[in-house]
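Read the figures in this text as sums done on the coordinates, not as results from a lab. If you're wondering where the values come from, they're calculated on a predicted model, not measured in any experiment. Positions of Cβ are backbone-derived with ideal geometry, glycine not excepted, and every protein chain shown enters the neighbour counts.
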Amino acid sequence: MENLTINNAVYEPKLNYKFYRQTRDDKNLRDGSRDGFSSLVGSLLDEDVDAIVATYYHALAWYKRNQPSETDVEEALEATVFANDEATDKAFDDILDTLQANDFLARKLKQYVKDSDKNADMIQAQIDHTKDEDEASRLTIGLKQVTEETNKLRERLNPQDSSPKPEDVDSHPQN
């Protein structure tokens with residue numbers, strides 16, 4: 001993630017436990033029964049640009065009383081991350097990579113996948129038991145979205161699982 005220059009001061013974003021706590025408890029990020037952190041992860045996977053602003057804002061939580069306002073963060077991002085589509089796309093990847101690099105947050109991402117899988121199973125059960133075609137159609141759309149988000153994150157967390165191990169390579173060579 002990029003450092004931000006705000007009011008002639010350089011701010012270094014950090015994705016750590018303080019970031020997690022602040023996002024988890026942010027009432028503006030909460031979505032239904034999901035806490036703010038889970039909603040933010042979902043928004044990042046959906047490539048919602050507001051999630052970039054929220055991530056950078058909360059990544060500056062470690063500055064405590066000197067944490068810049070969300071408006072200041074947004075203005076700083078306009079000059080860099082939102083300058084073009086390529087930079088914006090890169091920001092989503094950078095944020096997800098940085099989340100994954102922190103052991104605690106990586107565990108929270110894995111928990112997000114588990115919770116999403118459980119949610120998908122519950123939605124599928126509802127689809128299987130509903131007689132209303134409109135309701136089944138609505139639930140199917142929701143299931144597709146949950147599944148796409150979960151698979152996208154699962155692939156990021158387990159990139160080696162998606163590519164088979166070469167058969168010629170012996171991971172324990174004998175001397």
Normalised by the residues of segment 4-128, what does the relative contact order come to in percent, with Cα pairs under 8 Å and at least six apart? 25 percent
Which of rounded, prolate, oblate describes segment 59-159, given a ≥ b ≥ c as roots of the alpha-carbon gyration tensor eigenvalues and a/c under 1.5 marking rounded, otherwise prolate only if a/b is larger than b/c? prolate
Just how far, in whole angstrom, is segment 102-148 from segment 1-19 if you go by their alpha carbon centroids? 33 Å
Pairs of alpha-carbon atoms within less than 8 angstrom and 6+ residues apart define the contacts here; what relative contact order does segment 67-158 have, in percent? 23 percent
Rh_Kirkwood(the chain) over Cα pairs, Å, one decimal, evaluates to 18.1 Å
Which helices pass in the chain if a helix is a full DSSP H run, must span at least 18 angstrom along its long axis by Cα, and must have mean Kyte-Doolittle hydropathy not below -1.0? 85-101, 103-129
Using a basic spin-label model with each label point 7 Å from the Cα along Cα→Cβ, how many nm lie between ASN158 and ASN7? 4.7 nm
